[in-house]
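Note sheet for the following structure.
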Amino acid sequence: MKCTYFSYPGIGLRTPSDVLEHVCRLSGVSADEIRSSSRKEDVAIVRHVYCYACCSVLNTTMKEIADVINRDRVSVIHSRNVVRNGILSPMGNKKLIDSYKKVEQIFKLKHV
């Protein structure tokens, strides 16, 4: 599958690594923490939002997204679903929703 990348004004989003860089900058969590096996809530939430953002703004494979954060494609799908369900639920995790909103404003995310 050939990948097509979208570009947003002022943000050159061409690869999953570009999205990771911007998500890290917005969240204050380092890329190394996101790539780690850490299960700390703050790190896991940012990892989930990264996966959701990639699925939303890049037309790329789950494997390519997963490779950037040392995960498998099933983890990317799970993360995307965690965010999707969290933002649609009236009882969603407040930290998840706050993190999502920071990224949504910059990337103009579409619901996937």
Residues of the range 80-103 satisfying the condition of being under 14 Å from the mean Cα position of the chain (by Cα) and of a type in the set (Gly, Ala, Ser): 86, 99
Of all residues in the range 45-78 being among the small types (Gly, Ala, Ser) and modelled with pLDDT of 95 or more, the one that is farthest from residue 26 (Cα to Cα): 75
From 77, 97, 106, residue being touching a residue at least 60 places away in the same chain (Cβ under 8 Å) and either among the charged types (D, E, K, R) or in a helix (DSSP H, G or I) (or both): 106
Please go through the range 87-112 and pick out each residue that is basic (Lys, Arg) and at pLDDT below 80. 108, 110
Looking only at the range 43-55, decide whether some residue is surrounded by fewer than 20 Cβ atoms within 10 Å (Cβ to Cβ) and under 16 Å from residue 103 (Cβ atoms). yes
Quick one: in the range 90-104, which of the residues that are more than 15 Å from residue 22 (Cβ to Cβ) and charged (D, E, K, R) is surrounded by the most Cβ atoms within 10 Å (Cβ to Cβ)? 95
Tell me whether the range 56-64 contains one or more residues that are loosely packed, with under 14 Cβ neighbours inside 10 Å and either touching a strand residue (DSSP E or B) at 6+ places or on another chain (Cβ under 7 Å) or β-branched (Val, Ile, Thr) (or both). yes
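The values are calculated or read from the model by the stated rules, or taken from the named source; none is laboratory data. Here the structure is a predicted model, which is why all the values come from computation and not from measurement. Glycine also receives a Cβ, built like all others from the backbone with ideal geometry; neighbour counts cover every protein chain displayed.
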